[in-house]
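Notes to accompany the following structure.
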Amino acid sequence: MAKKAVLGIIGGSGLYGIELEGAEQVRIHSPWGEPSDDYLVGEVDGLRVVFLPRHGKGHRVSPSDINYRANIDGFKRLGVTDLVSLSACGSFRENLSPGTFVLVDQFIDRTSARPRSFFGKGCVAHVSMAHPVSPALVDRLEEACRAEGLKHHRGGIYLAMEGPQFSTLAESNMYRAWGCDVIGMTNMPEARLAREAEIKYATVAMVTDYDSWHPHHGEVDITAILQVMKENSENAARLVRRLLKDFPREFESCPAGSDTALEHAIITAPEARDPTLLRKLDAVAGRVLGPADGK
């Protein structure tokens, strides 16, 4: 029997819920701590869908305080195979104007205060992040953008900053010089952890402003950002509805190997692995580690 796809949606700033058939709120008690909120679980025409507001309902959790490990672990426990991240961002490029949806394909991680891995002392693993998003999932997002007539751009480098403050002018100019296209505060370590959990991942970075580099826009204006964010949220809801309608019900393997990332990644010898950590990894790495109790 073919494996069914289960689509996860992470709602970023401005998107705190979606409409699903038979929806129910599910609380996950992760061994990694508490997720941002309860998960909304339901269906759309036979497609199982799991939604989580990244910042919690009412936007209670700042980027640095998000429990990214618990969030991803919860998606894994709920059977998610494909995960779409929606997030607000600033733009470093004139052509990526406010209102543009950028389908990111690379990241530069400048965060510094967040756990970046499920693995560590007692069980070491090294997954490839050369191609951090799933091309097949990006294909689906691009098709949905086109079908809805949404302004979008495929490809781009997302600079993940710690925040919660916005960039200085010097930082903004430096990131532009590095070749970055957009900047945000939430997609790392989210993308890293999704890869470790063998979940296909893709980002829709929704441009709200030009950061602080633009000579005619000056410093980031939070009032203007909120207005664009409202418009982006409405378009994001359209994008999600279209994606859910057209998304394949059967699981598609990832050309970048997202769904088999742990196949040869775990280095620690079986006899040297920490049983306590293995129990925490039961959902994330159970496919390759087997039952935590060894039975």
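The values are calculated or read from the model by the stated rules, or taken from the named source; none is laboratory data. It should be emphasised that the depicted structure is a prediction, and the values quoted were computed from it without experimental measurement. All Cβ positions, even for glycine, are placed from backbone atoms using ideal geometry, and neighbour counts span all protein chains on display.
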Inset, instruction - Out of the residues in region 62-81 that are in a loop (DSSP other than H, G, I, E, B) and of a type in the set (Gly, Ala, Ser), state the one that is surrounded by the most Cβ atoms within 10 Å (Cβ to Cβ). - result: 79
Inset, instruction - Could you check how many residues of region 104-151 are closer than 19 Å to residue 278 by Cβ and among the aliphatic types (A, V, I, L, M)? - result: 3
Legend entry - Matching residues, region 141-161, being surrounded by fewer than 20 Cβ atoms within 10 Å (Cβ to Cβ), of a type in the set (A, V, I, L, M, F, W, C) and assigned to a helix (DSSP H, G or I): 147
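Would you confirm whether any residue within region 82-92 is under 14 Å from the mean Cα position of the chain (by Cα), part of a helix (DSSP H, G or I) and either over 24 Å from residue 247 (Cβ atoms) or at pLDDT 95 or above (or both)?
Looking through region 82-92, none of the residues is under 14 Å from the mean Cα position of the chain (by Cα), part of a helix (DSSP H, G or I) and either over 24 Å from residue 247 (Cβ atoms) or at pLDDT 95 or above (or both).
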Inset, instruction - Take the residues in region 115-140 that are among the aliphatic types (A, V, I, L, M) and in a loop (DSSP other than H, G, I, E, B), then tell me which one is surrounded by the fewest Cβ atoms within 10 Å (Cβ to Cβ). - result: 130
Inset, instruction - Evaluate the following for residue 161: is it more than 29 Å from residue 246 (Cα to Cα) and either of a type in the set (S, T, N, Q) or touching a Gly at 6+ places or on another chain (Cβ under 8 Å) (or both)? - result: yes
Inset, instruction - Could you check residue 282 against (1) over 23 Å from residue 33 (Cβ atoms); (2) part of a loop (DSSP other than H, G, I, E, B) and say which number it fails? - result: (1)
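Matching residues to (1) in contact with a Cys (Cβ under 9 Å, 6 or more places away or on another chain); (2) of a type outside the set (S, T, N, Q):
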site	(1), (2)
224	no, yes
228	no, yes
232	no, no
237	no, yes
242	yes, yes
247	no, yes
252	no, yes
262	no, yes
266	yes, yes
Inset, instruction - Identify the single condition in (1) assigned to a loop (DSSP other than H, G, I, E, B); (2) surrounded by fewer than 18 Cβ atoms within 10 Å (Cβ to Cβ) that residue 55 does not satisfy, given that it satisfies every other one. - result: (2)
Legend entry - Members of region 1-20 that are out of contact with any Asp or Glu (no Cβ under 6 Å at 6 or more places or on another chain), in a strand (DSSP E or B) and surrounded by 19 or more Cβ atoms within 10 Å (Cβ to Cβ): 6, 8, 9, 10, 11
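Here's the yes/no breakdown for (1) under 30 Å from residue 118 (Cα atoms); (2) at pLDDT 95 or above:
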residue	(1), (2)
180	yes, yes
188	yes, yes
193	yes, yes
199	yes, yes
208	no, no
222	no, no
238	no, yes
246	no, yes
250	yes, yes
Inset, instruction - Identify, from the list 233, 212, 172, the residue that is more than 30 Å from residue 289 (Cα to Cα), among the polar types (S, T, N, Q), surrounded by 14 or more Cβ atoms within 10 Å (Cβ to Cβ) and within 18 Å of the chain's Cα centre (by Cα). - result: 233
Inset, instruction - Just give me the residues in region 1-34 being among the polar types (S, T, N, Q) and under 29 Å from residue 101 (Cβ atoms), in sequence order. - result: 13, 25
Inset, instruction - Return a yes/no flag: does region 245-253 have any residue that is buried (at least 19 other Cβ atoms within 10 Å of the Cβ) and closer than 30 Å to residue 100 by Cβ. - result: yes
Legend entry - Where residue 23 falls short, out of the listed (1) closer than 15 Å to residue 74 by Cα; (2) assigned to a strand (DSSP E or B): (1)
